[in-house]
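Here's the structure we're looking at; comments come further down.
The values are calculated or read from the model by the stated rules, or taken from the named source; none is laboratory data. A quick note: this is a predicted structure, and the numbers were derived from the prediction, not measured. Note: ideal-geometry Cβ built from the backbone for every residue, glycine included; neighbour counts use all protein chains shown. Just so you know, the surface numbers come from the protein's heavy atoms only, side chains and all, with ligands and any DNA or RNA stripped out. Shrake-Rupley method; radii C 1.70, N 1.55, O 1.52, S 1.80 Å.
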Amino acid sequence: MRAIYDALNDERFQSRLQLHMPGHLGGRGFDGFKIEPAMDVTELAETDDLHNPETVIKASQEWAAKVFGAKKAYYMVNGSTGGVLAMALGFLKDGDLVIADRFCHKSFVSALALTGAEAVWIEPEIIKNGAMWGSVTAEDVERAARSNPEAKAVFITAPNYFGMMGDIEAIAEVAHRYGMKLLVDGAHGAHFGMSEHLPPKIISLGADAVCVSLHKTLPALTQSAMLLTNERYERVEAALKTVQSSSPSYLLTSSCENAVNYYEKGNGEAWERLYKNVEKYFPENLTESAGSVKYKDFSRINAEIRSGAFEAGERLRKEFNIAVECVYPKGVVAILTPFHEEEEIRRFYEAVRVINNDGNKSECVSFAPPKGKKVFSPREAFFAKKRRVLLCEAEGEISAEGIAVYPPGIYQVLPGEEITKEAVERITELEKRGAEIHGVEQSCCLIFDE
C-alpha cells in the first residue's frame, strides 16, 4: 500500500496552482539545491551534530545569525512549533506568568502545558465583524503588566495569519521596561526584510527571541525553521535539544541553509515584480489594515469572497485547480512568492472574480475565538481524566483538549475553559460551512470527567 505516495503523485495534484506553503513552490525556488537520498545521513565526522555543533553546522548557524541580524541562530527540524516550545521552556517555568496573545497558535498552549506557566491573555483588535483580527498593542501589554508585575515574559504572534503585524518596537520597549522578555512567534514572517515593500526583520525590532518558519515563505522543505535570539541563552539551547529529535534530518538542516542563502542574495528584482503584480491584481491588499497594525505583508493576499467562502475554497480546488493556504469566513488567504508568474496571479484573480460574480453576499460568521472562562490550566487539562460528549450537549462543561479551527490552528475554546453556548454555536456553524475543526471527532469533544 502506498496511499500517501500515490496521492502526492496524482497528476491533477501535481499540476495544481499552489498558493500555499511551502515557499519553494514545488522546487522552483531551490535554484540548484537538489535533494538526494545520499544526503540522508546521520551524525558523522564530516556532517557535524545539530545538538552539539562544532564544525559545518556551527559555521552555517553563525553565518545565518549575521544574515538575519541576530546574536544566535538555531536551525530547527520540527517547524516553528519547536521554536515556540523551546522559547517557552527557555524562559518560563512552572507557576510563572506570561502575558500572551490569545489568538496564538495552539503550539503555545502546548508550551503552557509543558512548562506549567500560566497565561494572562490579551486580545488583538477584531476587524471585519470578527472574520479577521489585527495585533495586540503596546497599551494592551502595559495594562497587563501593571496588573501582573510578576510576569516574566510577553508572547505575541507577529505577523498574524493575515500578514498583519503591530508595533513590535513599542511592545518590546514596554516589555523590557517591566523587566520581561519579548518572545515572538514570527512563523509567517521569515521573508520580512527582503524588500523595501515588506516589514523589517522581526528580530531587528527589539524582540529577545523570534522563531520563523523558513519553509512557509522561503525556499525550504516543510518543517525547516529557525530560532533567532539577541543573546545566547543556555536554557534555550537546552530546550532545543529537548524538543527536537536526537536524529535530526540533514535534508532539513541543509534546507534551512538554502533558505538563508536565498535570503542573503536578496532577489530584489523578483520581489519588485511580485509587488507590481499584487498592485495590479490585488491593490486593496496593499492598504488593508487596522488601527493596531503597523506593518502589512503585501505578499499575503486576503481575497474577499462575497458568498460562501468555504464553498469558494472548494470551487477553487475542484473547478479552477487552485489550492489556497486557508479559508476564512469572508474570503481566502493566499501566499504569493517571487516564484509565482504573473499569469498564475492573474489566474487566481480571475477565478476569484468569477466566483464573486456568481453568488449573493452571505452572512459572515465570526472566526475570532469567543470570550472564554478559565477553570483549569492547559497543564491540568492535559493530565485530567476525560470523557467524550456530543458538542451540542457540552455547554457548561470544561474542555479537556481544546477546540481549534485548522488552519490557522487557533483555539476557539482553550483546554481548561468552560464551553459556552456561544462557543458551541460558533464551532457548529464553522464546521457546517466547511471549516476543519480539531478537537471535535464524530460530533464529540473531550471534557473533564470529574
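So in the stretch 146-160, with the set limited to residues that are surrounded by fewer than 20 Cβ atoms within 10 Å (Cβ to Cβ) and not charged (D, E, K, R), which one is nearest to the chain's Cα centre (by Cα)? Please lay out each step first, then the result.
Residues of the stretch 146-160 surrounded by fewer than 20 Cβ atoms within 10 Å (Cβ to Cβ): 146-150, 152.
When the remaining residues are screened for being not charged (D, E, K, R), the result is 147-149.
Values: SER147: 29, ASN148: 27, PRO149: 29 Å.
Going through the qualifying residues, I end up with ASN148.
Scanning the stretch 121-132 for residues that are assigned to a strand (DSSP E or B) and at pLDDT 95 or above, which turns out surrounded by the most Cβ atoms within 10 Å (Cβ to Cβ)? Steps first, please.
Within the stretch 121-132, the subset assigned to a strand (DSSP E or B) is 121-122, 126-127, 132.
Those left that are additionally at pLDDT 95 or above: 121-122.
Numbers: TRP121: 18, ILE122: 20.
Per the criteria, the residue is ILE122.
Those residues that are among the small types (Gly, Ala, Ser), over 17 Å from GLU380 (Cα atoms) and outside any helix (DSSP H, G or I), I need them from the stretch 75-120; list them, please.
Passing the criteria: only ALA100.
Answer yes if at least one residue in the stretch 67-76 is over 30 Å from SER247 (Cβ atoms) and either at pLDDT 95 or above or touching a strand residue (DSSP E or B) at 6+ places or on another chain (Cβ under 8 Å) (or both), and no otherwise.
Here is the first cut: in the stretch 67-76, the residues over 30 Å from SER247 (Cβ atoms) are 69.
Those left that are additionally either at pLDDT 95 or above or touching a strand residue (DSSP E or B) at 6+ places or on another chain (Cβ under 8 Å) (or both): 69.
Yes, the stretch 67-76 contains at least one residue that is over 30 Å from SER247 (Cβ atoms) and either at pLDDT 95 or above or touching a strand residue (DSSP E or B) at 6+ places or on another chain (Cβ under 8 Å) (or both).
Checking the structure you have, find out if any residue of the stretch 343-360 is over 26 Å from GLY134 (Cβ atoms), modelled with pLDDT of 95 or more, outside any loop (DSSP other than H, G, I, E, B) and touching a Cys at 6+ places or on another chain (Cβ under 9 Å).
No, the stretch 343-360 has no match at all.
Quick one: what pairs do we get from the stretch 97-122, first residue within 23 Å of GLY134 (Cα to Cα), second hydroxyl-bearing (Ser, Thr, Tyr), C-beta under 7 Å, 6+ apart or different chains?
From residues that are within 23 Å of GLY134 (Cα to Cα), the pairs are ASP101/THR157; PHE103/THR157; CYS104/THR157; HIS105/THR157; LYS106/TYR411; SER107/THR81; VAL109/TYR411.
Check the stretch 275-286 and report whether any residue there is open to solvent by 20 Å² or more (accessible area, probe 1.4 Å) and under 19 Å from ALA190 (Cβ atoms).
Taking every residue of the stretch 275-286 in turn, at least one turns out to be open to solvent by 20 Å² or more (accessible area, probe 1.4 Å) and under 19 Å from ALA190 (Cβ atoms).
Give all pairs with beta carbons closer than 6 Å in which a residue from the stretch 428-450 that is touching a residue at least 12 places away in the same chain (Cβ under 8 Å) meets a residue that is assigned to a loop (DSSP other than H, G, I, E, B) and among the charged types (D, E, K, R); count only pairs at least 6 apart in sequence or on separate chains.
GLY439/GLU401; LEU446/GLU401; ILE447/GLU397; ASP449/LYS385
Can you name every residue in the stretch 292-311 that is under 18 Å from GLU125 (Cβ atoms) and of a type in the set (A, V, I, L, M, F, W, C)?
Of the residues in the stretch 292-311, the ones under 18 Å from GLU125 (Cβ atoms) are 292-297, 300, 302.
Within the stretch 292-311, VAL293 is the sole residue that qualifies.
Considering only helices (runs of 4 or more DSSP H) fully contained in the stretch 1-72, which possess at least 2 residues that are loosely packed, with under 10 Cβ neighbours inside 10 Å?
On the way: elements: 3-8, 11-14, 56-68.
Those helices (runs of 4 or more DSSP H) span 3-8, 11-14.
Being in a helix (DSSP H, G or I), out of contact with any strand residue (DSSP E or B) (no Cβ under 7 Å at 6 or more places or on another chain), within 26 Å of ASP185 (Cβ to Cβ) and not aromatic (Phe, Trp, Tyr): is that true of ARG426 here? Quick ask: steps written out before the conclusion?
Values: in a helix (DSSP H, G or I): yes; out of contact with any strand residue (DSSP E or B) (no Cβ under 7 Å at 6 or more places or on another chain): no; within 26 Å of ASP185 (Cβ to Cβ): yes; not aromatic (Phe, Trp, Tyr): yes.
So ARG426 fails the test.
For the stretch 161-212, name all the residues that are open to solvent by less than 10 Å² (accessible area, probe 1.4 Å), at negative phi and in a loop (DSSP other than H, G, I, E, B).
PHE162, GLY166, MET180, GLY186, ALA190, HIS191, PHE192, PRO199, ALA207
When you go through (1) charged (D, E, K, R); (2) assigned to a loop (DSSP other than H, G, I, E, B); (3) over 25 Å from GLU118 (Cα atoms) one by one for GLU401, which number turns out not to apply?
Among (1) charged (D, E, K, R); (2) assigned to a loop (DSSP other than H, G, I, E, B); (3) over 25 Å from GLU118 (Cα atoms), the lone unmet condition for GLU401 is (3).
Testing VAL333 on (1) under 20 Å from GLU425 (Cβ atoms); (2) within 25 Å of the chain's Cα centre (by Cα), one condition comes back false. Which one is that?
The one condition VAL333 does not meet is (1).
For the stretch 341-350, indicate whether the set of residues that are touching a residue at least 24 places away in the same chain (Cβ under 8 Å), in contact with a Gly (Cβ under 9 Å, 6 or more places away or on another chain) and open to solvent by 10 Å² or more (accessible area, probe 1.4 Å) is non-empty.
Going residue by residue through the stretch 341-350, those that are touching a residue at least 24 places away in the same chain (Cβ under 8 Å) are 342, 344-349.
Those still in the list that are in contact with a Gly (Cβ under 9 Å, 6 or more places away or on another chain) too: none.
No: zero hits.
Does PHE376 meet the test of being more than 22 Å from the chain's Cα centre (by Cα) and crowded, with 22+ Cβ neighbours inside 10 Å?
Working: more than 22 Å from the chain's Cα centre (by Cα): yes; crowded, with 22+ Cβ neighbours inside 10 Å: no.
Spelling it out, it is not the case that PHE376 is more than 22 Å from the chain's Cα centre (by Cα) and crowded, with 22+ Cβ neighbours inside 10 Å.
How many of the residues making up the stretch 294-320 are part of a loop (DSSP other than H, G, I, E, B), open to solvent by 20 Å² or more (accessible area, probe 1.4 Å) and either of a type outside the set (Gly, Ala, Ser) or in contact with a Leu (Cβ under 6 Å, 6 or more places away or on another chain) (or both)?
Residues in the stretch 294-320 being part of a loop (DSSP other than H, G, I, E, B), open to solvent by 20 Å² or more (accessible area, probe 1.4 Å) and either of a type outside the set (Gly, Ala, Ser) or in contact with a Leu (Cβ under 6 Å, 6 or more places away or on another chain) (or both): 4 in total.
Please specify each residue of the stretch 247-274 satisfying the condition of being open to solvent by less than 30 Å² (accessible area, probe 1.4 Å) and either without any contact (Cβ under 8 Å) to a residue 40 or more places away in the chain or not in a helix (DSSP H, G or I) (or both).
The initial filter retains those residues of the stretch 247-274 that are open to solvent by less than 30 Å² (accessible area, probe 1.4 Å), namely 248, 250, 252-256, 258-260, 262-263, 266, 270-271, 274.
Listed by number, the residues that qualify are PRO248, GLY266.
Taking ALA138 as meeting all but one of (1) in contact with a strand residue (DSSP E or B) (Cβ under 9 Å, 6 or more places away or on another chain); (2) open to solvent by less than 20 Å² (accessible area, probe 1.4 Å); (3) at pLDDT 95 or above, write down the number of the exception.
(1)
Would you point out which residue out of SER399, SER366, SER362 is more than 23 Å from the chain's Cα centre (by Cα) and farther than 30 Å from GLY95 by Cα? Walk me through it before giving the result.
Values: SER399 fails: farther than 30 Å from GLY95 by Cα; SER366 fails: more than 23 Å from the chain's Cα centre (by Cα).
Exactly one of SER399, SER366, SER362 is more than 23 Å from the chain's Cα centre (by Cα) and farther than 30 Å from GLY95 by Cα, namely SER362.
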